[in-house]
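The values are calculated or read from the model by the stated rules, or taken from the named source; none is laboratory data. The structure presented is a predicted model; accordingly, all values stated were derived computationally and were not measured. For neighbour counting, all protein chains shown are included, and Cβ atoms are generated from backbone atoms with ideal geometry for every residue, glycine included.
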Amino acid sequence: MSTTGRLPKVLQRLTEVAIAVTILAAVVVLLVTALADVPLDAPVEFTPDEDTYSLSSDAWGSGTILEAVGTARFTERSASLVALWAAAVLTYAVSAITLLVLLRRILQSISAGTPFVEANAKRIRAIGILIPVFGLLIQALHWATALVTMDTVAAEGLHIRASLSPNLTYLFIGLVIIALGEVFRYGSQLQADVDLTV
Amino acid sequence: MAITVHLDWLLFDRRMTVAELSKRVGITPANLSNLKNGKAKAVRFSTLEAICRELQCQPGDLLSHTNTPEPPN
């Protein structure tokens, strides 16, 4: 029985393309990082010396920059930075592929006309758990990068800061998806009842 | 389940097969087998009516209740 439109099939194909592109991009980036002497970008947070960077505006008055989030480009790379870079690429790739594979399986079952099954409830719950977990992992890598660079980088008038502030957006998105998974679990129970009604 | 379905006995008595009854009632043989084997969770009144009509019986001939305690979940 298939009462669904073409959209799930189109989305399924898109997730397959996205999985292939992610794998290819991760392999290319890792190879280029390992083999070529390319500059590496690292996310960092800066705290400038007091009164180092001032702001002035005719409309709003004047002040100083207290902290800034940005990117540091290392043209001469250390082994620890290359390792952190590779770990970041792998984390991004594994996160994206895992979520895309789960999404593809959900879309497959929707295309087959059987969306309300226990397996989909489990997949949706897994997505809801993995999004904040992967978000935290990526933030931990940013933190580790800042920790490594903090001790070694000298920048005039700037202090590089390592901070691990949990991103509550990922947690909120995860909770919403877990709630959706519970709706699917209830839906799968209703579907089982309907299937066994003669 | 404390509800027992006597479809197999009724079919035997009427010399009728599951396939024939399913065709007359208008439900799939798989669904009728679920009912016969006690796997069904619910029966629609329309299905019950059609089975009673074709087998010329009462709902009480098809279903009975036994007072066996439900196993704990």
> For residues in region B:19-38 being more than 13 Å from A:Thr197 (Cα to Cα) and small (Gly, Ala, Ser), which is farthest from the other protein chains (Cβ to nearest Cβ)?
Replying inline: B:Ala19
>> Looking at the structure I just gave you, is B:His6 in contact (Cβ under 8 Å) with a residue 60 or more places away in the chain and in contact with a strand residue (DSSP E or B) (Cβ under 8 Å, 6 or more places away or on another chain)?
In response: no
> Does region A:157-191 hold any residues that are in a helix (DSSP H, G or I) and either modelled with pLDDT under 90 or among the polar types (S, T, N, Q) (or both), and which are they?
Replying inline: A:Leu168, A:Thr169, A:Ser188, A:Gln189, A:Gln191
> Which one is farthest from A:Arg185 (Cα to Cα) among residues in region A:111-129 that are surrounded by fewer than 19 Cβ atoms within 10 Å (Cβ to Cβ) and aliphatic (A, V, I, L, M)?
Replying inline: A:Ala112
> Restricting the search to region B:40-67, which residues are part of a loop (DSSP other than H, G, I, E, B), closer than 23 Å to A:Asp193 by Cα and more than 10 Å from the chain's Cα centre (by Cα)?
Replying inline: B:Lys41, B:Arg44, B:Thr66
> Only one residue in A:Glu50, A:Glu67, A:Glu76, A:Glu45 is modelled with pLDDT under 90, crowded, with 18+ Cβ neighbours inside 10 Å and not hydrophobic (A, V, I, L, M, F, W, C), so which one is that?
Replying inline: A:Glu45
> Given the residues A:Leu40, A:Leu31, which is the only one that is under 30 Å from A:Val89 (Cβ atoms), exposed (fewer than 15 other Cβ atoms within 10 Å of the Cβ) and under 23 Å from the mean Cα position of the chain (by Cα)?
Replying inline: A:Leu31
> Restricting attention to region B:11-26, does a residue exist that is within 10 Å of the chain's Cα centre (by Cα), outside any helix (DSSP H, G or I), in contact (Cβ under 8 Å) with a residue 12 or more places away in the chain and crowded, with 16+ Cβ neighbours inside 10 Å?
Replying inline: no
> Residues of region B:44-61 being touching a residue at least 12 places away in the same chain (Cβ under 8 Å) and within 12 Å of chain A (Cβ to nearest Cβ), which ones?
Replying inline: B:Thr47, B:Leu48, B:Ala50, B:Ile51
>> Can you pull out every residue in region A:2-45 that is in contact (Cβ under 8 Å) with a residue 24 or more places away in the chain and within 23 Å of A:Thr149 (Cα to Cα)?
In response: A:Val29, A:Leu30, A:Thr33, A:Ala34, A:Asp37, A:Pro39, A:Leu40, A:Asp41, A:Ala42, A:Pro43, A:Val44, A:Glu45
>> If I go through region A:46-81 residue by residue, how many of them are farther than 13 Å from A:Thr149 by Cβ and in a helix (DSSP H, G or I)?
In response: 1
> What pairs can you find where one residue is in region A:176-198 and touching a residue at least 40 places away in the same chain (Cβ under 8 Å) and within 12 Å of another protein chain (Cβ to nearest Cβ), the other is surrounded by 13 or more Cβ atoms within 10 Å (Cβ to Cβ) and in a loop (DSSP other than H, G, I, E, B), and their Cβ atoms are less than 9 Å apart, with a gap of 6+ or different chains?
Replying inline: A:Leu190/A:Phe116; A:Gln191/A:Thr114; A:Gln191/A:Pro115; A:Gln191/A:Phe116; A:Gln191/A:Val117
> Which residue, of A:Arg77, A:Arg13, A:Arg73, is charged (D, E, K, R) and closer than 30 Å to A:Asp195 by Cβ?
Replying inline: A:Arg13
>> Looking at region B:27-39 only, could you name the residues that are part of a loop (DSSP other than H, G, I, E, B) and surrounded by 17 or more Cβ atoms within 10 Å (Cβ to Cβ)?
In response: B:Ile27
